[in-house]
1. Taking loop as defined by DSSP and a crowding limit of 16 other beta carbons within 10 Å, which trypsin sites (Lys or Arg not before Pro) in region B:48-86 fit?
2. Would you please state the base-10 log of I(q)/I(0) at q = 0.13, 0.18, 0.20 1/Å for region B:3-154, with intensities from the Debye formula using one equal scatterer on every alpha carbon?
3. For A:Asp85 and A:Lys64 in the same chain, what is the full-extension length gain: residue separation times 0.36 nm, less their Cα-Cα distance, in nm?
4. Grab the DSSP H runs of the protein assembly as shown that are 4 residues or longer, score each as -39,500 (n - 2.57), total them, divide by all residues and round the 222 nm result to the nearest 500 deg cm²/dmol.
5. Would you rank B:Tyr29, B:Tyr103, B:Tyr67 by solvent-accessible area, highest first, keeping every protein chain in place and using a 1.4 Å probe?
6. How long are the semi-axes of the ellipsoid equivalent to region A:5-152, from square roots of 5 times the Cα gyration tensor eigenvalues, in whole Å, largest first?
7. Write down the Å³ per residue value for the convex hull defined by the alpha carbon atoms of the protein assembly as shown.
8. Quickly rank A:22-35, A:127-140 as a protection proxy: mean count of other C-beta atoms within 10 Å, highest first.
Amino acid sequence: MTCQLTDLKNALVEASTEVISMFGLSCSFVKESEEKSLNSGEDINVVIGLSNGLKGNILAGFPKSAALKIVSGMMGGTELSDVDDMVKSGLGEFTNMMSGNAIIRLKSDKLIELSPPTLASGEDMFVMISRAPARKLFFKLGDTEFNIAYCIE
Amino acid sequence: MNKDKLDTVMKYISSAFESVSLELAESEYKKADSLSIDEENSVAVIIGIAGTMKGRIILHSGLKTAYGFTKIMNCGDPLDKKEDLFLYMAEFANMICGRSTTYINNEFKERKLWLTPPAIFAGKNLQLVTPTVCSEQLFFSGDKGKFILDVGFEEGKKS
């Protein structure tokens with residue numbers, strides 16, 4: 001399990017950096033921390049479940065500024081001001097690309113299945129992706145930031 | 001997924017909800033044509049589906065409803081901490097999805113559906129969107145409150 005966690009951490013860091021760079025942006029990995037199982041959520045949260053070869057969840061959390069910056073990059077620099085359906089769809093796609101890229105990097109013998117990305121937003125959000133403490137990776141994206149929490153059962 | 005298969009899947013998910021809620025809370029839930037969660041604060045459990053059908057199921061209810069239901073699951077005792085509400089709701093959703101999967105696998109004579117672990121969200125004015133799926137909702141009303149099951153599958157996948 002420790003090996004899988006380290007592998008997944010490295011894969012997520014590399015995948016995030018690579019996928020972000022496809023959109024003409026750059027992000028840097030800041031730190032990893034162990035979180036409680038129950039955490040407060042970001043403005044927009046995207047969850048993707050893992051099953052079959054690896055069971056767990058990946059949760060990407062974006063403040064509004066990071067969400068707009070990433071989707072603007074995906075759309076070739078189009079200026080965006082609101083988190084509308086198109087931005088939500090873009091964030092879902094970004095998280096899907098990043099998770100898929102990370103899973104390929106794991107080079108698992110057994111097929112790892114991904115569920116479709118689901119976005120959750122609201123006020124005073126609380127999130128739990130596992131009964132066990134999750135690990136969270138923090139990334140800096142220009143003048144804003146985003147994070148990716150993950151857990152494996 | 002063709003309409004007949006989808007109808008069969010929805011029938012089994014509905015049946016799983018009714019039987020699990022009866023076992024856990026001795027509460028008989030009836031399907032409703034439509035309803036809304038009228039509490040400002042709500043809880044949603046998301047369980048992904050992978051394999052031959054790719055999608056997700058969301059169990060959504062008001063926070064007060066969830067608290068009342070989980071208290072019954074806890075043999076009537078108040079929950080010790082906030083995490084317990086999340087864990088009990090996750091277990092409720094997991095049981096519904098697990099049982100649905102068994103019914104569906106048995107019906108279609110295959111073991112090719114996988115469930116992801118539950119992810120739980122709670123908050124005010126909670127909005128949940130899965131851009132890549134077409135979803136249908138199942139509404140349930142009973143003496144312990146209202147629940148919505150939002151069931152969505154990706155289009156164009158083999159099934």
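1. B:Lys81
2. -0.55, -1.08, -1.33
3. Additional length available on full extension: 6.2 nm.
4. Values: 6 runs with 113 residues, N = 312.
Calculated mean residue ellipticity at 222 nm is -12500 deg cm²/dmol.
5. B:Tyr67, B:Tyr103, B:Tyr29
6. The equivalent ellipsoid of region A:5-152 has semi-axes of 23, 18, 14 Å.
7. It is 133 Å³ per residue.
8. Those peptides, ordered most packed to least, come out A:127-140, A:22-35.
The values are calculated or read from the model by the stated rules, or taken from the named source; none is laboratory data. Note that the structure is predicted; figures quoted are calculated from it, not measured. Here the Cβ is made from the backbone with ideal geometry for all residues, glycine too, and neighbour counts use every protein chain on show. For accessibility, only protein heavy atoms count, side chains too; no ligands or nucleic acids. Shrake-Rupley method; radii C 1.70, N 1.55, O 1.52, S 1.80 Å.
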